[in-house]
Amino acid sequence: MAKRKEKLSEGKRNIIASLIDEYDIQSAEDIQEALKDLLGGTIESMLRAELDTHLGYEPYERSVSLNARNGSKSKKVRSKYGQFEIDVPQDRDGSFEPQLVKKRQKDISHIEEKIISMYAKGLSTRQISEQVDEIYGFEISEGMVSDITDRLLPDIQDWQQRPLSEVYPIVFINAVHFSVRDNHVIKKLAAYVILGINEDGKKEVLSIQIGENESSKYWLGILNELKNRGVKDILILCADGLSGIKESISVAFPNTEYQRCIVHQVRNTLKHVSDKDKKEFAKDLKAIYHASNEEQGHSIMVEVSEKWQSHYPNAMKSWSANWDVICPIFKFSSDVRKVIYTTNAIESLNSSYRRLNRQRSVFPSDVALLKALYLATFEATKKWTLPLRNWGKVYGELSIMYEGRL
């Protein structure tokens, strides 16, 4: 999904011509030196803006403050373009603490990372540009922000193609919807996050896929991609009623148990229910999936359907129509059921993705959405260091239930 290279505008050609003339560029090394010089000048401008803010008045402006500018001090720093010198502005009483390049800091290659970090939090290129301008008084173009984040694309591609474990006891597929602009038309796209629980009980995002039309062919391609990356077996795959997913699982992983996501099943049911009845209705639904066995669960499901039929005739239809993919959960103990039907495994991801939706109502392209999702996922998964609660019990039960596959 690499960004398509666009032709240089006349303005860019003029800038390049000026740079070649100004720095007498003859080689790739000359380009590197020019970039270092430009970066150094940019940083110095931003540091001077920081000092202006610290002192509370502009250069040559009268002030009652006892503190004042006190020249500058040369400092060698390292960057992604190599080592160079910058002049750090000083103040008279030594209270100035620069934030862009801190005291005793020798490496400034993190500046781009700060921009990427803001992008990860859901800020648009325009918001990042405005924030840098507001903090430092220095203008950074939206195009520059986009170019910096575009450098993530090879990393995203490598991440999407990285080898996976041979066996995942449980895999979740979760869909989150975003608005994306395509040829000046805004449309809704689903981002499908494939989350695996590995044999150590730790959560692992296997893939992020952005799709528009669900079908058996689409899902078979996604599942085959997991196989090509090394996945040989999945014990339980938990997903909402995605179009074509059931048929695709039976082809790609014929021994995998497809479990309809109970959380989504409940939420979709309660959409048909008025607010005054939701609490009671939800309690009745809970009795279904908390039943001790399938027979009891089915019996309660019938009773709930009959109880609410006159008020909400369509609410329970999907339970009976999809009972074959709802019922696998009844063969497991409460420890395993909790792993399957609770949202704990994906809630941290969902909160990160909801933050993206709050920050950016519309993404300019599917590439921009993918970058934001990748960064948000990376931030959310930093804390995933421990296995799921009671994983020892869960693993032991799955080992018996699916003998010889773990």
Gain in span if fully extended, R62 to R92, counting 0.36 nm per residue against the direct Cα distance:
9.2 nm
Given labels modelled 7 Å from the Cα in the Cβ direction, how far is it in nm from K383 to Q26?
5.7 nm
In the structure displayed, which of K232/K382; K75/K106; K188/K371; K279/K331; K203/K393 lie more than 19 Å apart, Cα to Cα?
K232/K382; K279/K331
Here FRET efficiency (C-beta to C-beta, N255 to D182, R₀ 60 Å, nearest 0.05) is 0.95
Residue span A321 to S216: 0.36 nm per residue of separation minus Cα-Cα distance leaves a gain in nm of 35.9 nm
If Rh is defined by the Kirkwood formula over all Cα pairs and Rg also comes from Cα, what ratio Rg/Rh do you get for the chain?
1.10
With just the Cα atoms defining each centre, how far is the range 282-348 from the range 252-275? Give it in Å.
9 Å
Determine the calculated [θ] at 222 nm for the chain from helices alone, applying -39500 (n - 2.57) to every DSSP H run no shorter than 4 residues and normalising by the residue count; nearest 500 deg cm²/dmol.
-15000 deg cm²/dmol
Can you give the extra length, in nm with one decimal, that the chain gains between S299 and S45 once fully stretched, where that is 0.36 nm per residue apart less the Cα-Cα distance?
84.1 nm
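Only the coordinates and a few stated rules stand behind these numbers; no lab work does. Note that the structure is predicted; figures quoted are calculated from it, not measured. Every residue, glycine as well, gets a Cβ built from its backbone with ideal geometry; the counts of neighbours run over all protein chains shown.
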